[in-house]
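Below you'll find the structure, written out as structure tokens, and then a few comments.
The values are calculated or read from the model by the stated rules, or taken from the named source; none is laboratory data. Because the structure is a prediction, the values reported are computed rather than measured. Neighbour counts are summed over all protein chains in view; Cβ atoms, including those assigned to glycine, are modelled from backbone coordinates with ideal geometry.
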Amino acid sequence: MRDIGQNINKAKKRIELLCGTKLLIKVNEGRGKTSCFTGIIEDMYPSLFTFRTDSGELKTFSYSDVLTKSVKFFKNGER
């Protein structure tokens with residue numbers, strides 16, 4: 001049986017490494033809809049993290065969004 005807590009901790013560590021780095025994120029909004037945003041990961045909390053877009057908008061995502069691949073990170077130039 002998988003240890004879900006360990007996977008969440010790994011996701012947190014990966015996100016912590018990306019904190020402050022300019023990123024492109026691709027968000028799966030369901031029913032075939034996706035959105036892309038550029039910006040930086042601003043803060044990390046026990047259950048979620050915040051992403052500040054280049055336009056100044058603040059987006060909030062949970063670590064489980066990363067595990068389920070609803071949120072994907074790309075560094076500049078990747079995709």
Exercise for review: Could you please give the count of residues in region 58-79 that are loosely packed, with under 14 Cβ neighbours inside 10 Å and touching a Phe, Trp or Tyr at 6+ places or on another chain (Cβ under 8 Å)?
Suggested key: 2
**Study point:** Sole exception among (1) in a strand (DSSP E or B); (2) modelled with pLDDT of 95 or more; (3) of a type outside the set (D, E, K, R); (4) more than 9 Å from the chain's Cα centre (by Cα) for residue 56, by number
**Key:** (1)
Practice item. Determine whether residue 21 is outside any helix (DSSP H, G or I) and modelled with pLDDT of 95 or more. Key: no
Practice item. Check region 63-78 and report whether any residue there is of a type in the set (Asp, Glu), at pLDDT 95 or above, farther than 22 Å from residue 7 by Cα and outside any strand (DSSP E or B). Key: no
Practice item. Starting from region 26-41, keep only residues that are without any contact (Cβ under 8 Å) to a residue 60 or more places away in the chain, then list their pairs with residues that are in a loop (DSSP other than H, G, I, E, B) and of a type in the set (Phe, Trp, Tyr) whose Cβ atoms are within a distance under 6 Å, requiring at least 6 positions of separation or different chains. Key: none
